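Below is one structure; the comments refer to it alone.
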Ligand SMILES: *Cc1c(COP(=O)(O)O)cnc(C)c1O
């Protein structure tokens with residue numbers, strides 16, 4: 001076989017040294033995902049390709065369920081659609097027993113399409129429209145109220161439809177983390193949440209079933225959940241004492257960090273992010289010291305998104321070309337950029353070669369294919385000399401990418417699932433021109449050029 005050309009360069013070769021975390025500073029190659037060869041995946045489905053792992057998703061769901069139950073037995077999960085709303089992904093979590101957690105009318109329709117009954121849908125979000133709320137009321141969904149105008153609207157709709165909506169109040173509070181998410185729901189510390197609850201109960205139009213919070217995302221301080229749970233349990237205690245109403249559930253939202261590494265973080269995510277055990281211990285501590293809990297055993301709901309699915313997602317991308325930058329760094333142009341993988345803006349994604357390479361490593365920047373200066377998949381990383389057509393594996397990318405991806409100048413790639421038995425199933429076709437323009441109209445006077 002003809003040897004591949006390796007560009008000459010002079011650089012101290014530190015290959016094999018350990019970094020301070022005991023991890024090799026030099027990337028090892030990975031040529032398969034769960035036993036399925038990356039070359040086979042690309043020859044069958046093309047590049048770029050998003051690959052999801054069914055067993056990772058199920059494993060993480062069961063792990064969180066088990067770990068939380070060790071601290072508090074009455075726990076259920078709701079799948080956060082916006083984290084990844086591919087029908088197959090949602091169905092995996094629904095098969096595991098998750099409710100649907102949706103934050104828009106579109107997501108609500110997605111859950112209904114998958115056959116989820118209204119009573120198993122939690123309808124969150126700040127922008128629910130009247131017709132969407134009507135459908136949710138008629139379906140008996142759990143509607144989490146974000147602001148007073150929504151509360152008034154729900155009262156009006158309840159009267160119109162002659163029914164009593166099942167609702168919860170969304171609460172925001174100081175949990176010691178910054179920035180504090182204060183734009184969603186009603187504030188705890190300044191008494192706004194309690195006033196909203198009093199107003200809701202005075203209206204006598206709805207069933208107050210629970211309290212909800214979602215304190216933020218990628219929360220690196222597990223103890224924030226202790227304070228969040230405590231605030232909601234305090235409110236529940238007050239509601240019982242002042243109004244004689246016993247709430248059925250406390251919903252602590254999502255926000256657990258995945259194993260990704262934020263750009264600002266020095267410590268790699270697999271060391272910096274709290275484990276499920278640490279989050280569960282913090283929540284369990286608040287629950288187990290609450291008198292309300294020991295008396296009424298409310299249902300605890302978790303809406304974990306990112307930490308459930310991020311590690312289940314891989315992106316295979318191919319090298320289109322490379323160049324040398326004036327900085328002395330090498331640049332590689334990949335066939336997938338922030339259009340498919342927007343989380344590259346927040347995380348130092350892991351880039352792994354898919355075959356072994358001879359030669360020295362050089363600092364390499366990974367760009368996507370977009371005509372956009374900010375289309376950077378990964379800032380400089382010591383990397384072997386890639387060649388056009390070489391493939392790299394970018395991980396973890398399972399959360400928020402195929403919901404926030406952009407159309408900008410490219411078609412979206414295929415998505416496949418590696419099933420628990422090692423089968424590869426196509427979940428989403430690669431887009432074509434027709435997918436992009438099918439909703440467009442060209443006025444008569446512009447049809448002749
Ligand atoms: C986005 C969202 C979630 C999931 O958040 P993660 O940070 O992905 O765990 C859960 N609940 C609500 C209300 C959300 O908006």
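The values are calculated or read from the model by the stated rules, or taken from the named source; none is laboratory data. If you're wondering where the values come from, they're calculated on a predicted model, not measured in any experiment. Neighbour counts run over all protein chains shown; Cβ positions are idealised from the backbone, glycine included.
Sort out for me the helices (runs of 4 or more DSSP H) sitting completely within the range 247-349 that have 3 or more residues that are closer than 30 Å to residue 120 by Cβ.
Numbers: elements: 269-272, 276-288, 291-296, 306-309.
Hits in the range 247-349: 276-288, 291-296, 306-309.
Among the residues making up the range 72-86, a single one is out of contact with any strand residue (DSSP E or B) (no Cβ under 8 Å at 6 or more places or on another chain) and more than 15 Å from the ligand (Cβ to nearest atom): 73. Being within 15 Å of the ligand (Cβ to nearest atom), in the same structural domain as residue 157 (by TED's automatic domain parsing) and in contact with a strand residue (DSSP E or B) (Cβ under 9 Å, 6 or more places away or on another chain) holds for only one residue in 133, 142, and it is 142.
Among 70, 57, which is the only one that is touching a residue at least 40 places away in the same chain (Cβ under 8 Å), surrounded by fewer than 17 Cβ atoms within 10 Å (Cβ to Cβ) and in contact with a helix residue (DSSP H, G or I) (Cβ under 9 Å, 6 or more places away or on another chain)? Explain how you work it out, then say what you get.
Values: 57 fails: surrounded by fewer than 17 Cβ atoms within 10 Å (Cβ to Cβ).
Result of the check over 70, 57: 70.
In the range 239-265, the qualifying residues are those that are closer than 13 Å to residue 168 by Cα and within 13 Å of the ligand (Cβ to nearest atom), and the one that is surrounded by the most Cβ atoms within 10 Å (Cβ to Cβ) is 253. Taking (1) out of contact with any strand residue (DSSP E or B) (no Cβ under 9 Å at 6 or more places or on another chain); (2) closer than 30 Å to residue 219 by Cα; (3) surrounded by 13 or more Cβ atoms within 10 Å (Cβ to Cβ) in turn, residue 178 satisfies each apart from (3).
Candidates in the range 97-113 are the residues that are surrounded by fewer than 15 Cβ atoms within 10 Å (Cβ to Cβ) and away from the ligand (no atom under 15 Å from the Cβ); of these, the one that is nearest to residue 145 (Cα to Cα) is 109. Only one entry in 191, 269, 203, 210 is out of contact with any strand residue (DSSP E or B) (no Cβ under 7 Å at 6 or more places or on another chain), in the same structural domain as residue 279 (by TED's automatic domain parsing) and within 16 Å of the ligand (Cβ to nearest atom), namely 269.
For the range 87-96, the set of residues classified as within 15 Å of the ligand (Cβ to nearest atom) and within 16 Å of residue 118 (Cα to Cα) consists of 90 only.
Okay, residues lined up against (1) touching a residue at least 40 places away in the same chain (Cβ under 8 Å); (2) buried (at least 22 other Cβ atoms within 10 Å of the Cβ); (3) under 30 Å from residue 222 (Cα atoms); (4) within 16 Å of the ligand (Cβ to nearest atom):
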residue: 287; (1), (2), (3), (4): yes, yes, yes, no
residue: 295; (1), (2), (3), (4): no, no, yes, no
residue: 307; (1), (2), (3), (4): yes, yes, yes, yes
residue: 336; (1), (2), (3), (4): yes, yes, no, no
residue: 355; (1), (2), (3), (4): yes, no, no, no
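Against the definition (within 14 Å of the ligand (Cβ to nearest atom), closer than 30 Å to residue 274 by Cβ, in the same structural domain as residue 130 (by TED's automatic domain parsing) and touching a strand residue (DSSP E or B) at 6+ places or on another chain (Cβ under 9 Å)), how does residue 224 come out, yes or no? Judged against the criteria, residue 224 is not a match.
If the requirement is being away from the ligand (no atom under 16 Å from the Cβ) and within 23 Å of residue 79 (Cα to Cα), which of these qualifies: 281, 236? Please lay out each step first, then the result.
Numbers: 236 fails: within 23 Å of residue 79 (Cα to Cα).
Residue meeting the stated conditions: 281.
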